[in-house]
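The values are calculated or read from the model by the stated rules, or taken from the named source; none is laboratory data. Note that the structure is predicted; figures quoted are calculated from it, not measured. Cβ sites come from the backbone with ideal geometry, for glycine too, and all protein chains shown count toward neighbours.
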Amino acid sequence: MRGRIMKGIAGFYYVKSGESVYRCKARGIFKQQEIKPAVGDFVEMEIIEGNDDSLITEILPRRNVFIRPFTANVDCFLVTAAISRPAPVTALIDKLLVMAEAAGTDVILCLNKCDLADHTEKSAGRKAAENLKRLLEIYEPVYPVVLLRQDDTEGFEKLREMIHGKAAALAGASGVGKSTILNHLLEDEHMETGTISEKTQRGRHTTRHAELFLMDDEGTGIFDTPGFTSFALSDTAAQLEPEDLQHLFPEIASRLGHCRYDNCRHVAEPGCAVKQAVEEGGIGRIRYDSYLALLKELEEIRKY
């Protein structure tokens with residue numbers, strides 16, 4: 001019998017097949033082969049008579065896999081950031097975008113808590129509005145962007161249409177509102193939502209394990225994953241080489257082949273089309289600086 005893993009807790013995997021969900025254990029050979037089932041995996045399972053638990057006998061080939069969050073067969077990656085509380089961190093956003101590009105998924109940038117920018121008569125509202133404007137300037141030329149407001153369903157309806165028929169991974173820093181977004185998309189209070197820590201301005205960790213929620217019978221689904229505040233390229237399943245990075249920034253990839261040198265790293269080489277585009281405004285300075293920082297990080301990883 002074939003199914004898909006919806007969640008895994010304490011060594012048990014909950015596999016949906018048709019209208020039923022089966023609690024399963026994985027074959028011992030998986031552990032011997034150092035293979036771990038992931039949420040989102042398509043699997044073959046065996047129903048064992050007289051046993052409350054079924055058995056996962058085979059993990060079918062994966063389209064992709066992410067180490068953190070540990071999910072498989074992701075069609076679309078929803079990179080989520082709040083415009084305030086907590087303040088957006090472009091370095092983390094760009095690392096998540098690179099991770100998604102490396103896995104070959106679609107990407108949508110979700111900017112949450114945009115209603116905070118509506119109150120510009122207050123200093124906090126003005127700062128939120130500035131953050132929103134800055135994020136749009138950085139990312140709107142490169143990726144689809146959806147603005148989400150808690151008191152307005154328009155953004156959530158647009159997002160629901162954009163992910164129709166896809167299994168989308170919802171991820172970003174803790175406190176950006178991922179569980180609240182999930183509840184809006186599923187039109188139900190499926191996840192416990194948390195308050196924001198006044199000291200750290202981060203959310204309390206209300207999501208404790210990865211889980212896949214199906215929205216319809218056409219394959220539309222949302223991976224909910226634990227929030228995190230740090231991320232390293234070494235966490236990616238893909239073994240990225242430094243020279244791969246230029247292909248994972250779309251605005252840089254579109255200019256490859258136009259540099260003076262074929263092996264241009266777009267750092268200090270003369271006749272670099274990428275650096276020229278940065279100077280002329282065709283590539284955002286913040287995105288280019290992210291590229292340089294991530295290139296350095298990858299080169300450090302490859303030293304060891």
Residue count, segment 120-169, condition crowded, with 19+ Cβ neighbours inside 10 Å and polar (S, T, N, Q), comes to 1
Within segment 33-54, residues modelled with pLDDT under 85 and on the phi < 0 side of the Ramachandran plot come out as 48, 49, 51, 52
Output for Cβ contacts, cut-off 6 Å, separation at least six or different chains, first residue more than 18 Å from residue 279 (Cα to Cα) in segment 240-259, second of a type outside the set (A, V, I, L, M) and surrounded by fewer than 18 Cβ atoms within 10 Å (Cβ to Cβ), reads 242/299
Scanning segment 136-159 for residues that are within 16 Å of the chain's Cα centre (by Cα) and not in a loop (DSSP other than H, G, I, E, B) gives 139, 145, 146, 159
When segment 17-31 is checked residue by residue, the ones that are modelled with pLDDT of 90 or more and hydrophobic (A, V, I, L, M, F, W, C) are 21, 24, 26
TODO: Considering every residue within segment 10-19, establish whether at least one is part of a strand (DSSP E or B) and of a type in the set (S, T, N, Q).
DONE: yes
Going through segment 160-190 in order, the residues found to be of a type in the set (D, E, K, R) and either assigned to a helix (DSSP H, G or I) or within 17 Å of residue 82 (Cβ to Cβ) (or both) are 160, 161, 178
Filtering segment 1-49 down to residues that are more than 19 Å from residue 217 (Cβ to Cβ), in contact (Cβ under 8 Å) with a residue 24 or more places away in the chain and more than 26 Å from the chain's Cα centre (by Cα) yields 23, 24, 25, 26, 27, 30, 44, 45, 46, 47
Going residue by residue through segment 254-262, is there one that turns out to be charged (D, E, K, R), touching a helix residue (DSSP H, G or I) at 6+ places or on another chain (Cβ under 9 Å), assigned to a loop (DSSP other than H, G, I, E, B) and at pLDDT 95 or above? yes
